[in-house]
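**Student:** Take this structure first; my questions come after.
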Amino acid sequence: EFRFNFLKISYASTMFLINFPRLTDCNRWGFFFYFFVLAVQLQLSFESELSSVKFSYTGDVQYFTVPSGITTIYLDIHGASGGTDYYGSPEYVGGMASRVQTTITVVPNTTYYIYIGLEGSSRPRNDRIQYKGGYNGGGSSGLHEGAGGGGASDFRSESALDAFGSRIVVAGGGGGGSIACASTGGTAGYPAGKMAIFGLDGCPKTALSGGNQTSGGDGGTGYGYAGQAGQWGIGGDGYHLYGGGGGGGYFGGGGGAYGGGAGGSSYCDQVLCHNPYYTVMDQPSNGSALITFADTVPSRKIVTTNPRLRKLHF
């Protein structure tokens, strides 16, 4: 739209200059009015193209500086799914991540920080090594079976990776799947993540739980072994031989023992968030975030590490 309006005003300017000597005063005023309308359309289309910023996984902190005059933003953010265990047949998928959509009160000219989760590492067929959890809190798998938990995505006021207390919005990651007991990883969610789903009867399911609003999920137990419990911001590792990793989140999900990991929890600050809406993703993926401005101002400065929109001034 911006390019189209720019071409229209360029063409009109050329025609005006070519025909200026032959134009009557009435025609000239008509051209001036047409230029004014096109200029307004050009400004509006330029602003509309730059009214949102998308953040994808980079493996590092990203930042967003609130433009002058902006006091609220709309955030649509989701975590990363757990990895899939392809060790046998059929494969057992990781849990889906949580999605949070909310309006947030922000301070103009203040920098906020975004961490985007990575999907948990999937286990190839007939491979027996530990697979890492996804960036930003995903728990790792056991050595023989299981996949990594997905990392959370979050919006925060401090830049350090472990500054969990500064998180304003968190979208939890899913637990890693595991061929042990035919187990699908638990989904992330609010107020708590879910435990893994076991496809075989008689398998140990004791204690395994997702992260919630006050504590990490319990690690799964079975045959005398246990997965690690989730922690603040971090999913538990699966039992070191057979277990999927827990998903990252506000509090991480528990790691599995002879089964998949549990999902992490999502979170939204009760003072700064307005009307948060929580859902679960329907496809496996890395995390992402989309920030949209809730106000309109005539002049803006946007600073972001997003590779498609690094630094804009207008």
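**Student:** Using a 1.4 angstrom probe, figure out how much accessible area segment 65-126 has per residue, in square angstrom, rounded to the nearest whole.
**Tutor:** 34 Å²
**Student:** For residue 213 paired with residue 107, estimate the spin-label separation in nm (one decimal), with each label point 7 Å from Cα along the Cα-to-Cβ line.
**Tutor:** Taking the two extended label points, one gets 2.6 nm.
**Student:** Shifting gears a bit: Between the alpha-carbon centers of segment 106-153 and segment 206-226, tell me the distance in whole angstrom.
**Tutor:** So the two Cα centres are separated by 18 Å.
**Student:** At a 1.4 Å probe, what is the % contribution of carbon and sulfur to the accessible area of segment 125-274?
**Tutor:** 52 percent
**Student:** What does the charge count near residue 250 come to, summing +1 for each Lys or Arg and -1 for each Asp or Glu among other residues with Cβ under 15 Å from its Cβ?
**Tutor:** Result for the local shell: +1.
**Student:** Same structure, new question: Assuming 0.36 nm per residue, please report the length gained on full extension of the stretch residue 283 to residue 52 beyond their Cα-Cα distance.
**Tutor:** Between residue 283 and residue 52, full extension yields an extra 80.8 nm.
**Student:** Right, next: Enumerate the calculated ³J(HN,Hα) couplings along segment 233-238 in order (Karplus 6.51 cos²θ - 1.76 cosθ + 1.60, θ = phi - 60°), each rounded to whole Hz, writing x wherever the residue is Gly or Pro.
**Tutor:** Once θ is set to phi - 60°, the couplings for segment 233-238 become x, 9, x, x, 6, x Hz.
**Student:** What spacing in nm lies between the two simple spin-label points modelled at residue 72 and residue 163, each 7 Å away from Cα in the Cβ direction?
**Tutor:** 2.6 nm
**Student:** I'd like the Karplus ³J(HN,Hα) series for segment 190-198: coefficients 6.51, -1.76, 1.60, θ = phi - 60°, whole numbers in Hz, and an x wherever there's a Gly or Pro.
**Tutor:** Once θ is set to phi - 60°, the couplings for segment 190-198 become 10, x, 8, x, 9, 6, 5, 9, 9 Hz.
**Student:** For segment 264-280, in order, what is each residue's ³J(HN,Hα) by Karplus, 6.51 cos²θ - 1.76 cosθ + 1.60 with θ = phi - 60°, in whole Hz (x at glycine and Pro)?
**Tutor:** x, 9, 9, 7, 8, 4, 5, 8, 8, 8, 10, 6, x, 10, 10, 9, 10
**Student:** Ok, one more. Write down the accessible area per residue of segment 218-278 in Å², having rolled a 1.4 Å probe over the full set of protein chains.
**Tutor:** That works out to 37 Å² per residue.
The values are calculated or read from the model by the stated rules, or taken from the named source; none is laboratory data. If you're wondering where the values come from, they're calculated on a predicted model, not measured in any experiment. Quick reminder, even Gly has a Cβ in these numbers, built from the backbone with ideal geometry, and neighbours come from all protein chains shown. Keep in mind that these areas ignore ligands, DNA and RNA; they rest on the heavy atoms of the full protein, side chains included. Shrake-Rupley method; radii C 1.70, N 1.55, O 1.52, S 1.80 Å.
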